[in-house]
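The values are calculated or read from the model by the stated rules, or taken from the named source; none is laboratory data. What you see is a predicted model; the values in this text were computed from it and never measured. With ideal geometry, Cβ positions are generated from the backbone for all residues, glycine too; neighbour counts draw on all protein chains shown. Each accessible area value is taken on the protein alone, full model and side chains, heavy atoms only, with ligands, DNA and RNA left out. Shrake-Rupley method; radii C 1.70, N 1.55, O 1.52, S 1.80 Å.
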Amino acid sequence: MSRIGKKPVVLPAGVKVEAANGVLTVTGKKGKLSRPIPGEVAVEVKEGTATVVLLDKGAGNLYGMYRTILANMVQGVTDGFVRTLEIVGVGYKAESKGDALHLALGYSHPVVFPLPQGVTAQVESSTVIKLSGFDKELLGETAARVRMLRKPDVYKNKGIRYRGERLIKKVGKAAGK
């Protein structure tokens, strides 16, 4: 059984956690998140902390995961999350217009990427995109989909990558041997 699951999640002021009818709901200043929870797991809220409790011994594999999900939901509604993407390549650039990203990635036409509700994009420079939101799962999925528009190329080091992502450049094949 997970030791992480036993650790209580501290609830900051203004955060409300409810678990009813198999749905976990966390409400805070940034928004409201809800997620279904299985019947083998319950959440107890006492004196400013929330604790995940196992109702069935066979569900030990869910223990730590649902504690981490709860902690991420609490952090999301209080502070939010940020993912930073960098665009590398000559002529590659991004701009934010309304609720969509307009990306020039070397294709014959600009790519328009609509942002899901709950995720906002801020273009710091023409090659740095900051995605922010309060739902960690949705934010990570959105960042991965933007990255897939032009994956980093290991031969030329061009494309969209996460900030801090390290690519090891491969040597091209020798011609004429």
| message | Please go through segment 95-143 and give me each residue that is part of a helix (DSSP H, G or I), out of contact with any Lys or Arg (no Cβ under 9 Å at 6 or more places or on another chain) and loosely packed, with under 15 Cβ neighbours inside 10 Å, ordered by number. | response | Glu141
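So which residues in segment 147-167 are outside any loop (DSSP other than H, G, I, E, B) and exposed (fewer than 12 other Cβ atoms within 10 Å of the Cβ)?
The answer is Met148, and nothing else.
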| field | Any pair with Cβ under 7 angstrom, 6 or more apart, that starts in segment 61-84 at a residue that is in contact (Cβ under 8 Å) with a residue 24 or more places away in the chain and more than 30 Å from Val123 (Cα to Cα) and ends at one that is among the acidic types (Asp, Glu) and open to solvent by 20 Å² or more (accessible area, probe 1.4 Å) | value | Leu62/Glu40
| message | List the residue pairs whose Cβ atoms are under 8 Å apart, where the first residue sits in segment 143-162 and is in contact (Cβ under 8 Å) with a residue 60 or more places away in the chain and under 19 Å from Pro116 (Cα atoms), the second is in a loop (DSSP other than H, G, I, E, B) and of a type in the set (S, T, N, Q), and the two are 6 or more positions apart or on different chains. | response | none
| said: Conditions first: (1) more than 30 Å from Leu105 (Cα to Cα); (2) modelled with pLDDT of 95 or more; (3) of a type in the set (A, V, I, L, M). Ala59 passes all but one, so which condition is the exception? | reply: (2)
| task | Identify the residue in segment 34-51 that is among the acidic types (Asp, Glu) and surrounded by fewer than 16 Cβ atoms within 10 Å (Cβ to Cβ) and, among all such residues, is modelled with the lowest pLDDT. | result | Glu47
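Residues checked against (1) in contact with a helix residue (DSSP H, G or I) (Cβ under 9 Å, 6 or more places away or on another chain); (2) aromatic (Phe, Trp, Tyr); (3) in a strand (DSSP E or B):
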residue: Val26; (1), (2), (3): yes, no, yes
residue: Pro38; (1), (2), (3): yes, no, no
residue: Leu62; (1), (2), (3): yes, no, no
residue: Val77; (1), (2), (3): no, no, no
residue: Val82; (1), (2), (3): yes, no, yes
residue: Leu85; (1), (2), (3): yes, no, yes
